[in-house]
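Take a look at the structure below.
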Ligand SMILES: NC(=O)c1ccc[n+]([C@@H]2O[C@H](COP(=O)([O-])OP(=O)(O)OC[C@H]3O[C@@H](n4cnc5c(N)ncnc54)[C@H](O)[C@@H]3O)[C@@H](O)[C@H]2O)c1
């Protein structure tokens, strides 16, 4: 049995994790954490606190779906206690990402911009496609779509997909987020990354390989947030009892 504390428990993803956990018999949510002013009764059957100091329950792993500014307090706690942490919040600064890496020397940390099986497979597929198609003249662009509430853009997943393509091409690609001020033909050695925001879209990613008279598009569509919640719960089970280190969903799915 893996006992979990949800950081950001009252948010959309936090609630989703709590619901999906009910269908798994080898994992239990024992407590949650959220902002002082965001603690309305979740009726989940576990308490939600406003700080780690108030938590009395014993837990094995933290699942974090919160907001980037809240991450510093979470990382302080993980560094101090060595508690395993599945870190799913996106939009982290370079400094925060460097700190996650540093702390993973003392605690097991699993970080993935996207917890779904499909996107994690896609990361390998686009690498393979980039290696074969780029040299044959195919240009590569990424377009992502998310709900109107999403604060960061482009998505962490779009960046992860761009990084996968770039890695396959010896890191020679430049990322372009806005072409509106440019009046020039598109250079071959860049990846355009664009974001669409609206409605309740759970997450759509298109990786477009555009060649002469033909286009290959890899598409991943999330039809519900359960794919992220179940991925995070499986990651928590994986991380329970692991040695300190930086892990990813690729390790869970291997
Ligand atoms: N890795 C993935 O697969 C994946 C999938 C979906 C969402 N996300 C990311 O997860 C994050 C959360 O998404 P969401 O849709 O649930 O957002 P949300 O705004 O609904 O929830 C965030 C929650 O964090 C809480 N919070 C804010 N400050 C806090 C603090 N100091 N301590 C504890 N909790 C605090 C908020 O009150 C809120 O309840 C976002 O960064 C999103 O991009 C990642």
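Among 190, 95, what is the fewest-to-most ranking by other Cβ atoms within 10 Å?
Numbers: 190 16, 95 9.
Starting with the residue having the fewest Cβ neighbours, the order is 95, 190.
Report, in deg cm²/dmol and to the nearest 500, the calculated mean residue ellipticity at 222 nm for the chain, where each DSSP H run with n ≥ 4 adds -39500 (n - 2.57) and the sum is divided by the residue count. Let's see the in-between values first.
Numbers: 7 runs with 80 residues, N = 254.
Helices in the chain give a 222 nm mean residue ellipticity of -9500 deg cm²/dmol.
Relative contact order for the stretch 1-91 using alpha-carbon pairs under 8 Å, separation at least 6, rounded to a whole percent?
Result for the stretch 1-91 is 32 percent.
Sort 161, 239, 123 by Cβ crowding within 10 Å, fewest neighbours at the top. Intermediate results must be reported in sequence, preceding the final value.
Numbers: 161 29, 239 25, 123 21.
Starting with the residue having the fewest Cβ neighbours, the order is 123, 239, 161.
Can you tell me which of 47, 187, 154 moves the most in a GNM of the chain? Springs connect C-alpha atoms under 10 Å apart.
Its mean-square fluctuation being the largest, the pick is 187.
Hey, could you grab the Kirkwood Rh for the stretch 117-222? Inverse mean 1/r over distinct alpha carbon pairs, Å, one decimal.
14.1 Å
Using Cα atoms only, what is the angle between the long axis of helix 156-168 and the major principal axis of the chain, expressed in degrees (0 to 90) to the nearest 10?
50 degrees
Where both partners of a DSSP beta bridge lie in the chain, what percent of those bridges are antiparallel, to the nearest 5? Walk me through the numbers on the way to the answer.
Details: 14 of 45 bridges.
About 30 percent, rounded to the nearest 5.
Helix 117-133 sits at what angle to the longest principal axis of the chain, using alpha carbons and giving 0 to 90 degrees rounded to 10?
20 degrees
Tell me, how many Å apart are the Cα centres for the stretch 188-254 and for the stretch 148-177?
11 Å
Using Cα-Cα distances under 8 Å and only pairs 6 or more residues apart, what relative contact order does the chain have, in percent?
Numbers: 479 pairs, mean separation 58.0, N = 254.
Result for the chain is 23 percent.
Tally the DSSP beta bridges in the stretch 119-254 and give the antiparallel ones as a percent, rounded to 5. If you can, show how the numbers build up before the last one.
Details: 14 of 24 bridges.
So the antiparallel bridges in the stretch 119-254 amount to around 60 percent.
Exposure proxy check: 20, 88 ranked by fewest other beta carbons within 10 Å? Intermediate values should be presented prior to the final figure.
Numbers: 20 21, 88 26.
Ordered by Cβ neighbours within 10 Å, fewest first: 20, 88.
Per the Kirkwood definition applied to all pairs of different Cα atoms, how many angstroms is the hydrodynamic radius of the stretch 145-188?
Numbers: mean 1/r = 0.0802 Å⁻¹.
12.5 Å is the Kirkwood radius here.
Could you work out the per residue convex hull volume over the alpha carbons of the chain, in cubic angstrom?
Values: hull volume 35.8 nm³, N = 254.
Spelled out: Cα convex hull of the chain, divided by residues, is 141 Å³.
How big is the gap, in Å, between the Cα center of the stretch 3-47 and the Cα center of the stretch 58-82?
If we compute the Cα centre of each part, the gap is 14 Å.
Would you mind calculating the relative contact order of the stretch 117-222 from Cα pairs under 8 angstrom and at least 6 residues apart, reporting the percent as a whole number?
On the way: 174 pairs, mean separation 41.9, N = 106.
Reported relative contact order: 40 percent.
Laboratory data are not the source of any read-out in this text; all were calculated from the coordinates shown. Just so we're clear, the structure is a prediction, and the values are computed from it rather than from any experiment. We place every Cβ from the backbone using ideal geometry, glycine too, and count neighbours over all the protein chains shown.
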